[in-house]
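Heads up, the thing below is written out as structure tokens.
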Amino acid sequence: MECAGIILAGGENRRMPVLKAFVEIEGKPLIARTLEVFRRLFSEVILVARTPDPYRRFGVRLVEDLLKQRGPLTGIYSGLSAVEAPFGMVVACDMPFLDEAFIRRMIELTEGHDVVIPRRGGRVEPLHALYSKSLLPQMRELLDKGIQTPQALLPAARVRYIEETEWLRFDPEGKVFINLNTQEDLARVQERAVSGRS
């Protein structure tokens, strides 16, 4: 299934002193790490940002949020609206340990589904998931009601959940879902990278 890569860089970033996308892991900004992975996987890659100017130096196509209301569903909606491919692989910009083999497996599972989404500890990972453009009307309906949680899409969609027994074969430590919200998160990730466990 043809798929585009969509990177969301629109978080509030309240608990970090710099934009999370520019935090360096092993001497490389997070956004550069993500772009390297996505450019190997997808011919179409976009970055959704509320303020796109800081990202222009990375040579990626930039898309602004289509709606004023802030939240993850607005980012997903804006990204899917902008791509040509029928599916978009959506990730947050602050996930340092993306796994290409796992993402390829997710893409293989799109046939017959609207969403392909991992589930960990009974909870889904909506910012490491595949969404079909066919869901755009449902997304807009939710957004018009002020609903920003991507999980609200799932009851009416054809969902392929990837359970722990499946994704642990690609990532026994569950590190693909790690994201950076605080300075403490960053310190742990940097320690993991230096120790060679990344």
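Remark: pairs (first residue in segment 150-163, aromatic (F, W, Y); second residue surrounded by fewer than 17 Cβ atoms within 10 Å (Cβ to Cβ); Cβ separation under 7 Å; 6+ apart in sequence or on different chains) = Y161/R119.
Taken together, D94, D65 contain a single residue that is within 28 Å of L168 (Cβ to Cβ) and acidic (D, E), which is D94.
Here is a yes/no grid of residues against (1) under 17 Å from T34 (Cβ atoms); (2) of a type in the set (K, R); (3) modelled with pLDDT of 90 or more; (4) loosely packed, with under 13 Cβ neighbours inside 10 Å:
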residue	(1), (2), (3), (4)
L142	no, no, yes, no
G146	no, no, yes, yes
Y161	no, no, yes, no
W167	no, no, yes, no
E173	no, no, no, yes
V189	yes, no, no, no
A193	yes, no, no, no
S198	yes, no, no, no
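The residue of segment 42-83 that is surrounded by the most Cβ atoms within 10 Å (Cβ to Cβ), among those that are free of Cβ contacts under 8 Å to residues at least 40 places away in the same chain and among the basic types (K, R), is R61. Reported count of residues in segment 70-84, each being touching a helix residue (DSSP H, G or I) at 6+ places or on another chain (Cβ under 6 Å) and of a type outside the set (A, V, I, L, M, F, W, C), is 2.
The values are calculated or read from the model by the stated rules, or taken from the named source; none is laboratory data. Please read all numbers here as calculations on a predicted model, not as lab measurements. Note that we place each Cβ from the backbone using ideal geometry, even for glycine, and neighbour counts take in every protein chain shown.
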